[in-house]
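The values are calculated or read from the model by the stated rules, or taken from the named source; none is laboratory data. Please read all numbers here as calculations on a predicted model, not as lab measurements. Cβ placement follows ideal geometry from the backbone for every residue including glycine, while neighbour counts extend to all protein chains displayed. Quick note on the areas: whole protein, heavy atoms, side chains included, nothing else; ligands and nucleic acids left out. Shrake-Rupley method; radii C 1.70, N 1.55, O 1.52, S 1.80 Å.
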Amino acid sequence: MYQKFEELLVCVAGATPQIITETIYALAIKDHPVYINKLFVITTKRGKEIIIDTLLNKGILISLISEYNLPVIEFSENSIITLKTGEKEIDDIRDTNESEAAADIITNFIAELAKDATTRLHCSIAGGRKTMSFYLGTALQLFGRPHDRLYHVLVSPEFEANREFFYPPKKPRCIKCRLEDGSFKMISTAEAKIELAELPFLRLRDKIELKEATFKELMKMSQNEIDIAIIQPEIKVKLKEREIKIVSDILLLPPVMLTIYSFFLKRKIECDNAKACLSCNDCYLSLNKLTEEPFIDELASLYGFIYDKDPVKSSEFKENYTQKYATENLRSYISKINRKISQIVSDDSSYHYCLIKSIRKYGSTLYGVPIDKRKIKIV
């Protein structure tokens, strides 16, 4: 079913507000026209002053709407998002602090707009600093929906950034244009060519899990999510069949080894830490803990599940556990499990995530499986 969206245009701009009206014009004359309902501009302190003077005070935007009979475009000083560090509006992006502030402002603004399912975003990267364009495009990659669009507007060189040219008027007129050799010439606006290039971009919104954060943190989270999706294999444990499937490789383990391995995987799944598993080892455990309650009960329950939830088997395992599975024996079982995994898994780049690894922490040795919890399934 066709859905009517409220069309929002988001532009980055600096000292050349012409790119804003050129984008609106280019969208309106497409084969399938897009008529903008609301306009937002992300700019600097100086850019804001120029935009207010030209588009609002001199009435350039109203002239475009009137001349081409476009629907009313909602735009005011409140629609201008000025880059700031703290409460101070910045004139330009000159250092790392200002760059990071710009990144956060642009990203947060796009994330907020994209929450409204009734809108469609049209983002133009043609104006402003290259840094601003990069952040706008990246923000749309992170939060853009399938129907959102990204554009670059290409204007004939003679008319690009020309202070007298904002869009091709219906009645052509000659304006003074600077040529490539530095000379000037009067050229008719009928010669102006404006091309709207729609840019493809990766849509990660529904592919990765992102939370409110700074731009740097979002980049780190995104990379972690991509690493998890691409590099790490999937592990599926079928307890009753005594089978572990790692991607397409099948590993058959004796009940005790399967119980121990499944225990570490279950610890990973049940960890309630929100951090990405790649950088987290909160579920890791010392082997001494495995000889204490309630972990013995958990192991016994898993062992019984292998035997179709047989309570007798669970009881037998628990009764014999302290004698058979001392710390040294557990280390031996872990070594055997890891050896079998390394022998059976064909993908050398991924099997390391499936091994039971040891780390030194708080003065003791802790054990766990580094694979991300979302890659594990136990049935």
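Below is a table of values for the structure above.
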item: Lone unmet requirement of (1) in a helix (DSSP H, G or I); (2) out of contact with any Asp or Glu (no Cβ under 9 Å at 6 or more places or on another chain) for Leu202; result: (1)
item: In the range 107-129, residue farthest from Leu8 (Cα to Cα) [restricted to those that are among the hydroxyl-bearing types (Ser, Thr, Tyr) and surrounded by fewer than 19 Cβ atoms within 10 Å (Cβ to Cβ)]; result: Thr118
item: Where a residue in the range 354-374 is part of a loop (DSSP other than H, G, I, E, B) and its partner, wherever it lies, is surrounded by 12 or more Cβ atoms within 10 Å (Cβ to Cβ) and among the basic types (Lys, Arg), with Cβ under 6 Å and at least six apart; result: Val369/Lys268; Pro370/Lys357
item: Among (1) touching a strand residue (DSSP E or B) at 6+ places or on another chain (Cβ under 6 Å); (2) at pLDDT 85 or above; (3) farther than 26 Å from Ile208 by Cβ; (4) not hydrophobic (A, V, I, L, M, F, W, C) - the single one Ser346 does not satisfy; result: (2)
item: Test for Lys340: is it touching a residue at least 40 places away in the same chain (Cβ under 8 Å), surrounded by fewer than 18 Cβ atoms within 10 Å (Cβ to Cβ) and assigned to a helix (DSSP H, G or I); result: yes
item: Total residues in the range 349-364, condition loosely packed, with under 15 Cβ neighbours inside 10 Å and in contact with a strand residue (DSSP E or B) (Cβ under 6 Å, 6 or more places away or on another chain); result: 1
item: Meets criteria (charged (D, E, K, R) and either over 11 Å from the mean Cα position of the chain (by Cα) or at pLDDT 95 or above (or both)) for Lys211; result: no
item: Residue that is farthest from Tyr25 (Cα to Cα), among those in the range 168-187 that are of a type in the set (A, V, I, L, M, F, W, C) and open to solvent by 100 Å² or more (accessible area, probe 1.4 Å); result: Phe184
item: Residue within the range 74-88 that is assigned to a loop (DSSP other than H, G, I, E, B), open to solvent by 40 Å² or more (accessible area, probe 1.4 Å) and at pLDDT 95 or above present; result: yes
item: Candidates Leu142, Leu61, Leu136, Leu55 - the one that is within 25 Å of Gln223 (Cα to Cα), surrounded by 19 or more Cβ atoms within 10 Å (Cβ to Cβ), modelled with pLDDT of 95 or more and of a type in the set (A, V, I, L, M, F, W, C); result: Leu136
item: Residue that is surrounded by the most Cβ atoms within 10 Å (Cβ to Cβ), among those in the range 1-52 that are more than 25 Å from the chain's Cα centre (by Cα) and of a type in the set (Ser, Thr, Tyr); result: Thr23
item: Number of positions in the range 258-313 that are of a type in the set (Gly, Ala, Ser) and either surrounded by fewer than 17 Cβ atoms within 10 Å (Cβ to Cβ) or assigned to a loop (DSSP other than H, G, I, E, B) (or both); result: 4
item: Residues within the range 225-248 that are open to solvent by less than 70 Å² (accessible area, probe 1.4 Å), at pLDDT below 90 and out of contact with any Ser or Thr (no Cβ under 9 Å at 6 or more places or on another chain), tallied; result: 5
item: Qualifying residue in the range 308-319 (condition: hydrophobic (A, V, I, L, M, F, W, C) and at pLDDT 90 or above); result: no
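Residue by residue, here is whether (1) free of Cβ contacts under 8 Å to residues at least 12 places away in the same chain; (2) more than 17 Å from Glu22 (Cα to Cα); (3) open to solvent by 60 Å² or more (accessible area, probe 1.4 Å) holds:
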{"site": "Phe159", "(1), (2), (3)": "no, no, no"}
{"site": "Phe166", "(1), (2), (3)": "no, no, no"}
{"site": "Leu196", "(1), (2), (3)": "no, no, no"}
{"site": "Leu210", "(1), (2), (3)": "no, yes, no"}
{"site": "Gln223", "(1), (2), (3)": "yes, yes, yes"}
